[in-house]
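The values are calculated or read from the model by the stated rules, or taken from the named source; none is laboratory data. Note that this is a predicted model, so its numbers are computed, not measured. Heads up, the Cβs are rebuilt from the backbone with ideal geometry, glycines too, and the neighbour counts pull from every protein chain shown.
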Amino acid sequence: MTVKITLPHDNSYEIFIDELNEIYFDRKVVIVTNPTVSGFHLDYLKSKLNAKELSVCIIPDGEEYKHMQTIEDILAHCFTQRLDRKSLLVAFGGGVIGDMTGFAASIYQRGIDFVQIPTTLLSQVDASVGGKTGINNKFGKNLIGAFHQPIAVYIDPSMLKTLPKREFGAGVAEIVKMAVTFNKDFFEWLEQNDLNDEKNIRIAIAKSVQTKADVVSQDEKELGIRAALNYGHTFGHVIENETNYNTYLHGEAVGIGMCMANALAVKIGLMSKDEELRVKNLLEKYDIPTTYKIKDVEDFYEHFFLDKKSLDNKIKFILPIGLGDCKITNEITKNDVIQILKGF
Ligand SMILES: NC(=O)c1ccc[n+]([C@@H]2O[C@H](COP(=O)([O-])OP(=O)(O)OC[C@H]3O[C@@H](n4cnc5c(N)ncnc54)[C@H](O)[C@@H]3O)[C@@H](O)[C@H]2O)c1
Ligand SMILES: [Zn+2]
């Protein structure tokens, strides 16, 4: 299956969801990956990918390496290999590899092309599509970066066979996010079908990618509707931060965050109790956490203001309206938020 993402300024591209076919690039190519992904899948990729000249840049595995020094290392590899402005980077890994490779591509000699070959469920359904690239620094996550669209995305669901179960669940959380915010039929389909089945996961990837592509096509730079993809993230980022990024995977924190957003939506009458429970049940089916012990509710609330999306001192919440629709609002009172947090 192929999904097209339509963008201005020649930035449109296609997302191929299928087993990898032969790909040929008549230019110098660098594959950026890490030891985990290369151990499992690099030979397979190399058997499919042909280039004028090919080299592999291996960077360490982990979010803790998603910083400027690693970008320098990728750029150093590119200079050593004498890449020119027509050369191409291939991001081969999860969202960490995708975000860093995209960012390196956006600045190498003022910007070269890159393609995404995502290998985690989270990156296949979310991170590889849409052109957000970046790194972390001591001031926070993803605070440095660029919008730089890939020229193509190749999603091969067979690569998920080696993915640990928790990582799979983290990806499912982002799938649930797309369904709750934009597509009720998809949500009901998710309730009725098991994503551990290979046929079903392909369908779910395609649906999620289609949803994300539609949203990004309408709002590439997140000036409006694209912000809805941050459903669950306002709360989730605080949870990740409070737990020093070492307790929950991003998708797991988003799972809890969606439950918090839902509780708020129920409180102000946007969602029914029954709908709230349906989302919770769906998440729990994949062992995604749905509760979190908040130590200090006031402290948790203050944490919202560290998020780059609330720099104007107003917290932006994405709240579901029933199932399949949502609204973006910064008009929620502190009192309402504190009350739902106390209930967790
Ligand atoms: N750009 C965006 O729009 C966007 C969206 C969401 C998340 N992100 C970013 O993505 C990152 C999270 O991505 P992630 O969840 O993919 O994490 P990740 O890239 O850290 O991958 C998770 C783990 O799985 C391993 N792995 C990857 N593919 C595998 C496979 N096929 N088999 C076995 N192991 C495999 C990785 O090496 C890693 O250890 C975060 O940095 C987040 O900020 C970006
Ligand atoms: Zn996310």
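Limited to the stretch 47-80, what total is found for residues that are in a helix (DSSP H, G or I), away from ligand 2 (no atom under 16 Å from the Cβ) and either within 20 Å of T120 (Cβ to Cβ) or outside the structural domain of G111 (by TED's automatic domain parsing) (or both)?
So the count comes out to 5.
Picking from V90, V3, which residue would you name as being farther than 27 Å from E240 by Cβ, at pLDDT below 95 and within 18 Å of the chain's Cα centre (by Cα)?
On the way: V90 fails: at pLDDT below 95.
Testing whether each residue is farther than 27 Å from E240 by Cβ, at pLDDT below 95 and within 18 Å of the chain's Cα centre (by Cα) leaves just V3.
Within the stretch 33-49, is there a residue that is within 21 Å of the chain's Cα centre (by Cα) and free of Cβ contacts under 8 Å to residues at least 24 places away in the same chain?
Within the stretch 33-49 (the criterion being within 21 Å of the chain's Cα centre (by Cα) and free of Cβ contacts under 8 Å to residues at least 24 places away in the same chain), the answer is no, since none of the residues qualifies.
Taking the conditions exactly as written (within 13 Å of ligand 2 (Cβ to nearest atom) and farther than 29 Å from N21 by Cα), does K184 satisfy them or not?
no
Can you report the number of residues in the stretch 240-272 which are within 12 Å of ligand 2 (Cβ to nearest atom) and not in a loop (DSSP other than H, G, I, E, B)?
Of the residues in that region, 9 qualify.
Can you name the residue in the stretch 255-282 that is within 19 Å of E191 (Cβ to Cβ) and within 16 Å of ligand 1 (Cβ to nearest atom) and is also surrounded by the most Cβ atoms within 10 Å (Cβ to Cβ) among such residues?
Among residues in the stretch 255-282 that are within 19 Å of E191 (Cβ to Cβ) and within 16 Å of ligand 1 (Cβ to nearest atom), the one surrounded by the most Cβ atoms within 10 Å (Cβ to Cβ) is G255.
Tell me which of these G130 doesn't satisfy, since it passes every other one: (1) at pLDDT 95 or above; (2) within 16 Å of ligand 2 (Cβ to nearest atom); (3) not in a strand (DSSP E or B).
G130 satisfies every listed condition except (1).
If you go through the stretch 323-343 one residue at a time, how many are in contact (Cβ under 8 Å) with a residue 60 or more places away in the chain and among the charged types (D, E, K, R)? Explain how you work it out, then say what you get.
Narrowing the stretch 323-343 to residues in contact (Cβ under 8 Å) with a residue 60 or more places away in the chain: 323-326, 328, 332, 336-337, 339-341, 343.
With among the charged types (D, E, K, R) added as a condition, the list becomes 325, 336.
The number of residues fulfilling the criteria is 2.
If you check D43, D10, D61, D26, which single one turns out to be acidic (D, E), within 30 Å of Q218 (Cα to Cα) and surrounded by fewer than 19 Cβ atoms within 10 Å (Cβ to Cβ)? Walk me through how you get there before you give the answer.
Values: D43 fails: within 30 Å of Q218 (Cα to Cα); D61 fails: within 30 Å of Q218 (Cα to Cα); D26 fails: within 30 Å of Q218 (Cα to Cα).
One residue alone meets the criteria, D10.
Restrict the check to the stretch 155-176 and report whether at least one residue is within 16 Å of ligand 2 (Cβ to nearest atom), among the acidic types (D, E) and either under 17 Å from M258 (Cβ atoms) or modelled with pLDDT of 95 or more (or both).
Taking every residue of the stretch 155-176 in turn, at least one turns out to be within 16 Å of ligand 2 (Cβ to nearest atom), among the acidic types (D, E) and either under 17 Å from M258 (Cβ atoms) or modelled with pLDDT of 95 or more (or both).
Evaluate the following for T36: is it among the polar types (S, T, N, Q) and within 28 Å of Y248 (Cα to Cα)?
Working: among the polar types (S, T, N, Q): yes; within 28 Å of Y248 (Cα to Cα): yes.
Spelling it out, T36 is indeed among the polar types (S, T, N, Q) and within 28 Å of Y248 (Cα to Cα).
Please specify each residue of the stretch 118-142 satisfying the condition of being crowded, with 24+ Cβ neighbours inside 10 Å and either more than 6 Å from ligand 1 (Cβ to nearest atom) or acidic (D, E) (or both).
Within the stretch 118-142, P118, L121, Q124, V125, D126, S128, V129, T133 qualify.
If a residue counts only when it is more than 15 Å from the chain's Cα centre (by Cα), surrounded by 23 or more Cβ atoms within 10 Å (Cβ to Cβ) and not assigned by TED's automatic domain parsing to the domain that holds G257, which helices (runs of 4 or more DSSP H) contained entirely in the stretch 158-218 have at least 3 such residues?
The helices (runs of 4 or more DSSP H) meeting that bar number zero.
Which condition number does G145 fail, the rest of (1) surrounded by fewer than 20 Cβ atoms within 10 Å (Cβ to Cβ); (2) more than 22 Å from G62 (Cβ to Cβ); (3) in contact with a Ser or Thr (Cβ under 6 Å, 6 or more places away or on another chain) being met?
Every condition holds for G145 apart from (2).
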